[in-house]
Each structure stands twice: as structure tokens, then as C-alpha cells.
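The values are calculated or read from the model by the stated rules, or taken from the named source; none is laboratory data. Keep in mind the model is a prediction, meaning the values are calculated, not measured. A quick note on method: Cβ atoms are made from the backbone with ideal geometry, for glycine too, and the neighbour counts reach across all protein chains shown.
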Amino acid sequence: MATTTATITLSSGDIADNRFSVSNTSTLTNVGTDTGMTKTTGLSRLELSAITKIVLFGAGGSTDSTPGTGTGLAINKGRFYIKNLNDRGDGTKFVKLMMDDFEIGRLYGGDWAFYPWDGGSGSDLEVKPSSTTDTTLEYIMFYE
Amino acid sequence: MATTTASFTLSSSDILSQAISLSTTATLYKGGTTATGLEQMNYHRAIIPTGTSFDLIEESDALKDNSNYVYIINKNTAAADYVTISINEEVIGSLYGGDWMFIPWSCDLSAAANDSTIEIQAFTAPNTIEYALFHVGETLVTSADS
């Protein structure tokens, strides 16, 4: 097994009357156990320049493991990290973070997300830029 | 405006032949602005009983199509205890004891009613969770006796 940790710190000196700070670390483990995940896609870097939906990971572990075409990795119960590496610019350009054609949220320049992804039928993990401006993403999946 | 940052560190010394480590920090801004920080936050702690899917963070007009950020952690310690997080009737993923997630949430109201609401369901045992919503606005309910 491997030991991989993910730490988040949320911090603000002025969103509340007193300083707000929350920090937690989780170890990436297989489903329902303390056994560390041993598989990863590795860190990928992707440049997009069209307002086109791209499947980063296909659901069910059958296809679309790479952008556009995909050759198939059995990814289930993943832990997914993605970041929009662009500068924020004028704050109007973003990348839609999507699942099965549905918009979860928007990654503006500098934004990141980390969340579990169970896969399963119809749960393709997708991104779609809001403009034709060159957009660079980095992402990595850890999985069982 | 407020300045709130979300920092992330990922590291492993043995999942690959070489150690990996990455770190990043984002400031939570309102959508459509160059640098106007989100200034509203809700922070909750709840015990989620098993057997039912609950609305955790409800969609609303005040939140739609903008920058909101959601943080959820499962505070249970048993590795087998978990909750599922769903949006639009689809499970995004499962948070086992100790797991956390952080996502942008645009509260897309273009689909059917309640489709953007973030839902949660506990399995195995009641799960204690904490969650935060950093948001652009809140739909306040007029008092019934006002």
C-alpha cells in the first residue's frame, strides 16, 4: 500500500468577527478500509482553446480515460484533483466542471477542486471552457 | 469584501517511484470580478442519520450561476462509515470517515427544480459531518408573522 495525504486549509481574517481557520488532512484509502490507494493516473496537463466539452474520465471505467478519445482505465472510487492554471484575468472566464452534462461548478483562473468520484453509469467527469481563450488545466486521479 | 483562501497540499512518498508533492492556494472571489472576495459564509455541523437522502445545501436564486465554494468533511472515525454526496440526482462521490471534499458550486438552475441542490445520504451508521458554504448571497425567507 501507499500513503498519500491530502490537506486543506481554509482561512480568513475578515469573513467573520474572529479569524476563521479550518484545516484537515485525509489519507487516501480504498473503500471502507485503512489500506492506502496504490493507483494513480499521474499528473496530467491539458490545454484547451475551444468551447467544447471534454471527457476527462469516462464512467464505469470502460472508456475515455484520456481527453477526447481514451483507451480505458478501470477507475472507480477515485479521488480527483483539478486546477485551472490560468490567471484570473478579468474574472469572466472559467472552466465548467461537469458530470454527465451537468454543471457542478466553475473553475476560474487559479481555482482548484478536490473531491471523491464514484464513477458509475452516466457519471462521466467532464470539463468545458467558457471561452476560446487558451486554458491550461492540471489534474490527477487516485483510485482503487 | 473579505479575503478567504483555500490551500491544498497533496503528497506521497511511495505511490510512484518518485515522491510527489503539490501545493496550491486559491482566493475565493465572486464570479465575474477581478478580485472581489466572497464575504458570506455558512458553517454547519450535523449528524446525518442513515436511510434517507437529505438536502444539505439547497439551490436558490441568490446563489445561481456564480462562484460558491463548498467544503464537506466526514468526521466519523470508522473507515467503513460513509456518506454519498449527490447533485442532480447523481452521486458525485462517497466521503468515508475522515475524507473531505472542496468544490466550486455554481448552483445551475437551468435544469429541473431542485436539480442543483447538494444532497447527502449516510450509510452504515449515522455520520457526523461539517460543511461550509462560501457564497455570493442567500435567499432570506420573510417571517410569517411580519
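Considering the conditions (1) surrounded by 17 or more Cβ atoms within 10 Å (Cβ to Cβ); (2) modelled with pLDDT under 90; (3) over 18 Å from B:Ile85 (Cβ atoms); (4) not small (Gly, Ala, Ser), A:Thr69 is excluded by exactly one of them, (1). For A:Phe94, state whether it is at pLDDT 95 or above, within 9 Å of another protein chain (Cβ to nearest Cβ) and on the phi < 0 side of the Ramachandran plot. So A:Phe94 fits the description; yes. Can you say whether A:Gly42 is in a loop (DSSP other than H, G, I, E, B), modelled with pLDDT under 95 and within 12 Å of chain B (Cβ to nearest Cβ), as far as the supplied structure shows? It is true that A:Gly42 is in a loop (DSSP other than H, G, I, E, B), modelled with pLDDT under 95 and within 12 Å of chain B (Cβ to nearest Cβ). Could you check segment A:97-144 and list, in sequence order, the residues that are at the interface with chain B (Cβ under 7 Å from one of its Cβ atoms) and either touching a His at 6+ places or on another chain (Cβ under 6 Å) or among the basic types (Lys, Arg) (or both)? A:Arg106 - this is the single residue of segment A:97-144 that is at the interface with chain B (Cβ under 7 Å from one of its Cβ atoms) and either touching a His at 6+ places or on another chain (Cβ under 6 Å) or among the basic types (Lys, Arg) (or both). For A:Gly36, state whether it is without any contact (Cβ under 8 Å) to a residue 12 or more places away in the chain and either closer than 24 Å to B:Ala79 by Cβ or more than 7 Å from chain B (Cβ to nearest Cβ) (or both). Here the answer is no, as A:Gly36 does not meet what is asked.
Are there strands (runs of 3 or more DSSP E) fully within segment B:83-124 with at least 2 residues that are crowded, with 18+ Cβ neighbours inside 10 Å and within 11 Å of the chain's Cα centre (by Cα)? List them.
B:100-105, B:118-123
Here is a yes/no grid of residues against (1) among the β-branched types (Val, Ile, Thr); (2) buried (at least 16 other Cβ atoms within 10 Å of the Cβ):
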residue: B:Ser23; (1), (2): no, no
residue: B:Lys30; (1), (2): no, yes
residue: B:Thr36; (1), (2): yes, no
residue: B:Ile48; (1), (2): yes, yes
residue: B:Asp55; (1), (2): no, no
residue: B:Glu58; (1), (2): no, no
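Looking at this structure, is B:Tyr43 under 23 Å from A:Tyr143 (Cβ atoms), modelled with pLDDT of 95 or more and under 15 Å from the mean Cα position of the chain (by Cα)? Considered against the rule, which asks whether it is under 23 Å from A:Tyr143 (Cβ atoms), modelled with pLDDT of 95 or more and under 15 Å from the mean Cα position of the chain (by Cα), B:Tyr43 comes out as no. Restricting attention to segment A:1-21, which residues are facing chain B (nearest Cβ under 7 Å) and either surrounded by 16 or more Cβ atoms within 10 Å (Cβ to Cβ) or farther than 17 Å from B:Thr3 by Cβ (or both)? If the condition is that a residue be facing chain B (nearest Cβ under 7 Å) and either surrounded by 16 or more Cβ atoms within 10 Å (Cβ to Cβ) or farther than 17 Å from B:Thr3 by Cβ (or both), then A:Ala2, A:Thr3, A:Thr4, A:Thr5, A:Ala6, A:Thr7, A:Ile8, A:Leu10, A:Ser11, A:Ser12, A:Ile15 are the ones that fit. Summed over segment B:56-82, residues that are of a type outside the set (Phe, Trp, Tyr) and in a strand (DSSP E or B) total 7. For residues that are within 15 Å of B:Gln40 (Cα to Cα) and of a type in the set (Phe, Trp, Tyr), scanning just segment B:55-86, find the one that is nearest to the other protein chains (Cβ to nearest Cβ). Once the filter is applied, the top-ranked residue is B:Tyr71. With respect to B:Leu38, is the statement that it is within 11 Å of chain A (Cβ to nearest Cβ), under 20 Å from A:Ser11 (Cβ atoms) and over 21 Å from the mean Cα position of the chain (by Cα) true? Considered against the rule, which asks whether it is within 11 Å of chain A (Cβ to nearest Cβ), under 20 Å from A:Ser11 (Cβ atoms) and over 21 Å from the mean Cα position of the chain (by Cα), B:Leu38 comes out as no.
The number of residues in segment B:23-50 that are free of Cβ contacts under 8 Å to residues at least 24 places away in the same chain and either closer than 16 Å to B:Glu119 by Cα or touching a Phe, Trp or Tyr at 6+ places or on another chain (Cβ under 8 Å) (or both) comes to 5.
Yes or no, residue by residue, for (1) more than 14 Å from the chain's Cα centre (by Cα); (2) at pLDDT below 95; (3) assigned to a loop (DSSP other than H, G, I, E, B):
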position: A:Ser65; (1), (2), (3): no, yes, yes
position: A:Leu73; (1), (2), (3): yes, yes, yes
position: A:Ile82; (1), (2), (3): no, no, no
position: A:Gly89; (1), (2), (3): yes, yes, yes
position: A:Gly122; (1), (2), (3): yes, yes, yes
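Here is the figure for segment A:75-115: residues that are closer than 22 Å to A:Thr5 by Cβ and either surrounded by fewer than 19 Cβ atoms within 10 Å (Cβ to Cβ) or not charged (D, E, K, R) (or both) total 10.
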